[in-house]
Amino acid sequence: MTREYQRCTRCVMDTTDSRIEFDENGVCDHCRNFDQNIKPYWKPNENRLDELKAIAEEIRASRKGDYDCVLGLSGGADSSYLAYVAKEIMGLSPLVIVVDTGWNLNVAVENIERIVKGLDLDMYTEVINWKEMADLQLSFFKASISSCDYPQDHTIFATLYNYAVKHGIKYVLTGSNNSTEFIRPPVEWLYMNDVTMAKDIHRRFGKIPLKTYPTCSMLRYKILYRYVYGMRRVYPLDYVVYDKAEAMELLHERFGWEKYENKHYENVFTRFFEGYYLPHKFGFDTRKNVCSNQILAGTMTREEALELLSRPPYDPDQMELDKQYVAKKLGVTAEEFDGIIEQPSKTPADYRNQMWVIRLGVTVSKLLGIEKRNLRV
Ligand SMILES: [Zn+2]
């Protein structure tokens, strides 16, 4: 059943989120949820430094070896600012973990070096076996689903968690900041971390065995790591006033950090995936989500958002070059890659999956009041 196209009259979310619901004024349920459940408690200009310092003390007290926590550094604004907050504001001794998935742009690599050097941090780099990475990545494209960012994203967080547990480091710092992300991307835009689905996809489309590709299932990190090994995830950016423009300015002045043209565009794959693959094949444009958050936060008008969305996510000539680059790196011709992309779209339901674990997790989080956003799965 296809639904008639409709866009929220207040934010810019639309029916590419298949579960979106509109009221008689055409306002979507994400906006209503923000008004009812998030706005009353939202304090964007309040530093919670006392709370952050108390957390830092606990983290320092847990230290057994050279480090008291790990943090993943991509070279982007969020993780770079996180490294700064961890070292200079929280006074921690983090080990920086860098995962080389084979797609990083030079600007990211240079930013990582600048931050690590400028803050005098130690760094561990995990280089993912490229043949395995490419085989899994091509399998995901052949599976024709939207979550083709799995091979890269999953291995980044799996490396981080597995490293922490293996080395007895209890705390993992993450650069996500929930305080300005009121609207979670619809689950169909980003369906993450389902190892069962990845295995099924690789079994059907893969050509070589995955011997070293790091994985970590949802049950493993949510139950085993959390309750048996006591691993904790901490979100320091939720405790500080995080104005991204100001943060980038500080990083530039202090460390010579350079900004990218767009969030998450630190790497060719992500640029191609978010800028071309998702909008072209599924109509999912992550900018709708980013802009809608800003509209609700009052930092962007709906008109500005619509103007932005009327333009392509990035330069069409660059898209074509990226497509050729991605195809070549994955070992197929540009024509073969086009053929794969143009296959009919599929969803996780077409494969073995662990959607029930996510549903259970969301239900529990909502019951406990941890998840206030309007996430429907
Ligand atoms: Zn809305």
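The values are calculated or read from the model by the stated rules, or taken from the named source; none is laboratory data. As the structure is a prediction and not an experimental result, all values here were calculated from the model. Heads up, the Cβs are rebuilt from the backbone with ideal geometry, glycines too, and the neighbour counts pull from every protein chain shown. Note: areas computed on protein heavy atoms with side chains; ligands, DNA, RNA excluded. Shrake-Rupley method; radii C 1.70, N 1.55, O 1.52, S 1.80 Å.
Structural remarks
A quick yes/no check of all residues on (1) touching a Pro at 6+ places or on another chain (Cβ under 8 Å); (2) assigned to a loop (DSSP other than H, G, I, E, B); (3) of a type outside the set (Asp, Glu):
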site: 204; (1), (2), (3): no, no, yes
site: 207; (1), (2), (3): no, yes, yes
site: 214; (1), (2), (3): no, yes, yes
site: 237; (1), (2), (3): no, no, yes
site: 240; (1), (2), (3): no, yes, yes
site: 246; (1), (2), (3): no, no, no
site: 252; (1), (2), (3): no, no, yes
site: 269; (1), (2), (3): no, no, yes
site: 293; (1), (2), (3): no, no, yes
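- Filter pass, residue 2 being within 16 Å of the ligand (Cβ to nearest atom), of a type in the set (Ser, Thr, Tyr) and at pLDDT below 90: no
- One residue stands out among those in segment 259-281 that are modelled with pLDDT of 90 or more and open to solvent by 10 Å² or more (accessible area, probe 1.4 Å): the one that is nearest to the chain's Cα centre (by Cα), which is 274.
- The condition (being more than 9 Å from the ligand (Cβ to nearest atom), modelled with pLDDT of 90 or more and open to solvent by 50 Å² or more (accessible area, probe 1.4 Å)) is satisfied by just one residue among 46, 21: 21.
- Residues that are at pLDDT 95 or above, in contact with a strand residue (DSSP E or B) (Cβ under 6 Å, 6 or more places away or on another chain) and outside any helix (DSSP H, G or I) do occur in segment 112-122.
- Test: residue in segment 213-233 that is under 19 Å from the mean Cα position of the chain (by Cα), modelled with pLDDT of 90 or more and under 30 Å from residue 49 (Cα atoms): yes
- Residue in segment 62-80 that is surrounded by 12 or more Cβ atoms within 10 Å (Cβ to Cβ) and over 23 Å from residue 99 (Cβ atoms) present: yes
- Residue within segment 49-66 that is in contact with a Lys or Arg (Cβ under 6 Å, 6 or more places away or on another chain) and outside any loop (DSSP other than H, G, I, E, B) present: no
Conditions (1) closer than 30 Å to residue 209 by Cα; (2) charged (D, E, K, R), marked per residue:
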| position | (1), (2) |
| --- | --- |
| 27 | no, no |
| 51 | no, yes |
| 74 | yes, no |
| 83 | no, no |
| 96 | yes, no |
| 107 | no, no |
| 112 | no, no |
| 121 | no, no |
| 127 | yes, no |
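- Segment 298-307 - residue that is open to solvent by 30 Å² or more (accessible area, probe 1.4 Å), in a helix (DSSP H, G or I) and within 16 Å of the ligand (Cβ to nearest atom) and, of those, farthest from residue 7 (Cα to Cα): 304
- Filter pass, residue 57 being within 16 Å of the ligand (Cβ to nearest atom), open to solvent by 80 Å² or more (accessible area, probe 1.4 Å), modelled with pLDDT of 90 or more and not aromatic (Phe, Trp, Tyr): no
- Of residues in segment 24-34 being near the ligand (Cβ under 10 Å from one of its atoms) and outside any strand (DSSP E or B), the one nearest to residue 241 (Cα to Cα): 34
- Filtering segment 5-17 to residues that are more than 8 Å from the ligand (Cβ to nearest atom) and open to solvent by 60 Å² or more (accessible area, probe 1.4 Å) leaves 5, 6, 7.
- Check on residue 222, over 19 Å from residue 358 (Cβ atoms) and either open to solvent by 80 Å² or more (accessible area, probe 1.4 Å) or of a type outside the set (A, V, I, L, M, F, W, C) (or both): no
- Qualifying residue in segment 146-167 (condition: surrounded by fewer than 20 Cβ atoms within 10 Å (Cβ to Cβ), within 19 Å of the chain's Cα centre (by Cα), closer than 24 Å to residue 232 by Cα and charged (D, E, K, R)): yes
- Answer residue from segment 308-317, given it is in a helix (DSSP H, G or I) and without any contact (Cβ under 8 Å) to a residue 24 or more places away in the chain and is farthest from the ligand (Cβ to nearest atom) among those: 317
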